[in-house]
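Below is one structure; the comments refer to it alone.
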Amino acid sequence: MQTVHLSSGYDMPIVGLGTWQAKPEEIESAVSTALDCGYRHIDTAFNYNNEEAIGQSLKKWFEKGGKREELFITSKLPSFGNRPQDVEKFLNLSLSRLELDYLDMYLIHMPIAFVQNENVYAPAINDDGTYVLDLNSDPVLVWQEMEKQVISGRAKSIGLSNFNEEQIEKVLNNSQIKPSNLQVELHAYNQQTNLRNFCRSHNIAITAYSSLGSPGAKKHFQTKYNYTTESCSDLLGHPTIQELATKYNKTTAQILLRHLVQEGIIVIPKSTSPARIKSNIDIFDFELTQDELKLLDSLDRGVEGRIFNFLYFKGVENHPYYPFKNELARN
C-alpha cells in the first residue's frame, strides 16, 4: 500500500475506507471485507455513530492474528464537543467504542461549535429548527488540548477537518505540534487548488472526502435535514471520466480515485458493497498521463462544485468560525 509521510513522523495509507453514512449493521462486514482486501486505513468519526461496530470488526481481526501497528485508524472530535474541556472526554469515548488504546489520527471535525443537547450526544436545536451555536469556542484553545492527546499517547497524530486557510494559519501560529493532516471535501468538481497549495507549503497532508462526488448526499440532506442542494451532480457519469474508464478498463470511480492519488491526495471512499470496496483499492496497476491529469483538473468548478457547505445545519452561517463566509458573500 502506498503511503503519505506525515510531519508527525508516521506513514498514512493513501487509500482508506470511509464510513460516513455506513450503518452499524453494515459496517462490521464492510470493515472485515476491507481488511481482507488489503485496506489498513479506516476513517470514522464520533458523529458517524458506528465506532462500536468498527471496534467489533477490528477485534475479530486482531483475534485472527492482525496487528494493531499495521492499522491506521482516524476519528474526529464532534462539533458539539468543540471545547477544550471536552477534547479528552470525546477522544476517550471514541477509544472505548473502538476498543483501542490510541488513534493514529485525531481530527477536529469542524471549526464551528454547537452546544450539546443535554440528553444525547448531538447538537442542541432551538424551537425554530436552528442549531444552538457555541459562540465562545476557540479552535486555538481546542488545538492546545489536542496537542495534549499526542503527549499522552492517546493520539499518534492530530489534524483538522473543514478548516479554511485563515483558520489553519491561526492554528499553525499558535501551536507546538503542527497539524499533520487536513480532511476536506475534494473531488474533480471541487479541487481546492489554493487550499492544497497552502497545505503543501506547510507540510500538511490532505485527505479527500467525497472523492467520488458523494452520490448519496443529496438524498441524505433531504431526508435528515429537509435541505435541498443542487450541487450533487453525477460526477461518476461524466463523459470524460467514462472515456478514461473505457480506455483503462477501469470503473469511473477508479479513475476519480487514481486522479487524486496520483497527485498525492489521500482518499477515503465509502462503500459497504464488497465488490466496490475491492474495486476502490485496485488503482495501483495503471497510471494516468500528464495530459489526462490536466484534463481531469480542467473539470474543476471551484466553489460552485462544493457539496458540503453545512447550511443544512440551520443557522450555522452565523457562527464566527463558519469556514465558507467568503463564498456566501460572493453569492
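A few points about this structure:
- Estimated dipole of the chain in Debye, rounded to 20 [Cβ of Lys and Arg +1, of Asp and Glu -1, Cα centre]: 260 debye
- With the helix formula -39500 (n - 2.57) applied to DSSP H stretches of n ≥ 4, the chain reaches a computed 222 nm mean residue ellipticity of -10500 deg cm²/dmol.
- Span from the the stretch 242-281 Cα centroid across to the the stretch 152-168 one, whole angstrom: 26 Å
- Residues whose placed amide H lies under 5 Å from that of ILE158, excluding near-sequence neighbours: TYR106, SER180
- Karplus 3J(HN,Hα) series, Hz, for the stretch 4-20 with 6.51 cos²θ - 1.76 cosθ + 1.60 (x for Gly, Pro): 10, 7, 8, 5, 6, x, 9, 9, 10, x, 6, 10, x, 8, x, 10, 4
- Placing +1 on the Cβ of every Lys and Arg and -1 on the Cβ of every Asp and Glu, with nothing else charged, gives the stretch 63-217 a dipole about its Cα centre of roughly 540 debye.
- Size descriptors for the stretch 173-252 (Cα atoms only): Rg and Dmax, in that order, 16.4, 49 Å.
- Rounded to the nearest 20 debye, the dipole magnitude of the stretch 50-108 is 100 debye, with +1 charges on Lys and Arg beta carbons, -1 on Asp and Glu beta carbons, and the Cα centre as origin.
- Accessible surface of the chain, 1.4 Å probe, proportion on carbon and sulfur as whole %: 46 percent
- Per residue, the chain exposes 44 Å² of accessible surface when a 1.4 Å probe is rolled over the protein heavy atoms with every protein chain present.
- Contour minus Cα-Cα distance for LYS89 and LEU311 (0.36 nm per residue): 77.2 nm
- Across the stretch 201-331, the relative contact order, built from alpha-carbon pairs under 8 Å that are at least six residues apart, equals 27 percent.
- With R₀ set to 51 Å, the beta-carbon distance separating ALA275 from ASN136 gives a calculated FRET efficiency near 0.60.
- Taken one residue at a time, the phi angles of the stretch 153-162 give Karplus couplings (6.51, -1.76, 1.60, θ = phi - 60°) of x, 6, 9, 6, 9, 9, x, 10, 9, 6 Hz. Gly and Pro are set to x.
- In this simple spin-label approximation, LYS219 and GLU169 carry label points 7 Å from Cα along the Cα→Cβ vector, and these lie 4.2 nm apart.
- Each Cα pair under 8 Å and six or more residues apart adds its separation to the average, and for the stretch 138-288 the resulting relative contact order is 17 percent.
- J(HN,Hα) series, the stretch 237-251, from Karplus relation 6.51 cos²θ - 1.76 cosθ + 1.60, nearest Hz, glycine and proline x: x, 5, x, 4, 6, 5, 4, 5, 4, 5, 4, 9, 6, 10, 7
- Listed residues PHE284, SER271, ILE206: farthest to the positive end of the dipole of the stretch 181-331 (Cβ charges): SER271
- Sequence-distant contacts, meaning Cα pairs under 8 Å at least 6 residues apart, place the relative contact order of the chain at 20 percent.
- Positive-end residue of GLN191, PRO139, THR240, charge dipole of the chain with Cβ unit charges: THR240
- Antiparallel %, DSSP beta bridges [both residues in the chain], to 5: 20 percent
- Distance from the stretch 86-144 to the stretch 5-43 (C-alpha centre basis), Å: 22 Å
- The alpha-carbon of LYS23 sits under 22 angstrom from the alpha-carbons of these lysines, leaving out residues fewer than 8 places away in its chain: LYS59, LYS60, LYS76, LYS218, LYS219, LYS224, LYS270, LYS278.
The values are calculated or read from the model by the stated rules, or taken from the named source; none is laboratory data. Here the structure is a predicted model, which is why all the values come from computation and not from measurement. We place every Cβ from the backbone using ideal geometry, glycine too, and count neighbours over all the protein chains shown. Side chains included, ligands, DNA and RNA excluded: accessible areas come from the protein's heavy atoms. Shrake-Rupley method; radii C 1.70, N 1.55, O 1.52, S 1.80 Å.
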